[in-house]
Amino acid sequence: MYVTVLTALPHGLEGRVVEVQCDVAAGSQPSFNVVGLAAASIREARERIPSAFRNSALEFPRRRVTINLAPADLRKDGGGLDLPMAVAVWLAGQGRAAPPGCAFLGELGLDGSLRHVTGVLIAALALRASGVTELYVDTADAAEAALVAGLAVHPCRDLASVLSAVTGAEPPPAYEAVAEAEPSDVPPADDLADVQGQEEARRALEVAAAGGHHLLLSGPPGAGKTMLARCLPGILPPLELHEAMEVAQVRSLLGELPRDGPLDWTRPFRAPHHGISM
């Protein structure tokens, strides 16, 4: 039996849709092979997935299992392909077709539990653009994926609940995104009005913010350069929706996106150490 299941992986700040093609055939010796330019973290799924099946009271097919990750010229890395590969193996072993319009993303523990992965927002955007309407992820990643409009996100805790949903049971309720605070309701973390003195530097910040100019602050240590720079986002206009989504994608890729409120309207500020390399 041959089955194709959809998923996606972040490729920089862009998501790439990946087809998990699974073929389960009779053979003299059971085997489990993964091809398609898979990194070590994905090849190790050959050990994680059978253990997740066994500890979830599910039977892994004792036949020749071959998984191809297409496109073959795209290097695949990370644990996010564990869940779609497991779903593909289960469906092929049961002789079932993949549900239309569905995709899967998540890492599996040996006990069958789902685990958080980075870059979920980037992957969800790519899947929605390809026509996917339903996405199954770990409960910790549901709020992040639900930022994508038009995508029903089903939070799941383990492999058994996902397989139950794709084989006919009622799927977990779609995650309902909590309304984000309006941009005007977000107070600045550092207020320029609290700065005493530094009239010339304050004026420079105001001109740079109003005109969208670059700014260079020069002075001895302790003069207040970093303090003034931290106040700059407070006098800039709040992020627009597309800008907030772009910032959220970067934070998603770095694993820094808050799970309770993934969309932030304040403009980002970074203070790298003075000894940082170019």
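The values are calculated or read from the model by the stated rules, or taken from the named source; none is laboratory data. Please read all numbers here as calculations on a predicted model, not as lab measurements. No Cβ is skipped: glycine too gets one built from the backbone with ideal geometry, and neighbour counts run over all protein chains shown. The area values use the complete protein model at the heavy-atom level, side chains included, leaving out ligands, DNA and RNA. Shrake-Rupley method; radii C 1.70, N 1.55, O 1.52, S 1.80 Å.
What the table shows:
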| item | result |
| --- | --- |
| Residue 1 accessible area, assembled protein chains, probe 1.4 Å, Å² | 90 |
| Label point distance in nm, residue 54-residue 191, each placed 7 Å from Cα along Cα→Cβ | 6.2 |
| Segment 42-109, dipole about Cα centre (Lys/Arg Cβ +1, Asp/Glu Cβ -1), debye to the nearest 20 | 300 |
| Rounded percent of accessible protein surface that carbon and sulfur make up, the chain, 1.4 Å probe | 52 |
| Estimated dipole of the chain in Debye, rounded to 20 [Cβ of Lys and Arg +1, of Asp and Glu -1, Cα centre] | 1200 |
| Gaussian network model of the chain, Cα within-10 Å springs - most flexible of 108, 241, 217 | 217 |
| Answer label, with percent of Cα pairs over 35 Å apart calculated from the coordinates and candidates (1) 17; (2) 13; (3) 32 | (3) |
| Heavy-atom SASA rank of 269, 53, 60 (probe 1.4 Å, accessible area, largest first) | 269, 60, 53 |
| Charge-dipole axis of segment 5-160 as Lys and Arg at +1 and Asp and Glu at -1 on Cβ define it, positive-most pick from 81, 26, 132 | 26 |
| Residue 77 accessible area, 1.4 Å probe, all protein chains in place, Å² to nearest 10 | 90 |
| Accessible area, probe 1.4 Å, largest first, for residues 225, 76 | 225, 76 |
| Rough spin-label spacing in nm, given labels placed 7 Å along Cα→Cβ, for residue 130 and residue 70 | 1.1 |
| Rounded accessible area per residue of the chain, 1.4 Å, Å² | 53 |
| Calculated FRET value between residue 31 and residue 157, using beta carbons and R₀ = 22 Å, to 0.05 | 0.15 |
| Exposure of residue 147 as accessible area (Å², to 10), given a probe of 1.4 Å and all protein chains | 40 |
| Highest-MSF residue in the chain out of 207, 35, 153 [GNM, Cα springs under 10 Å] | 207 |
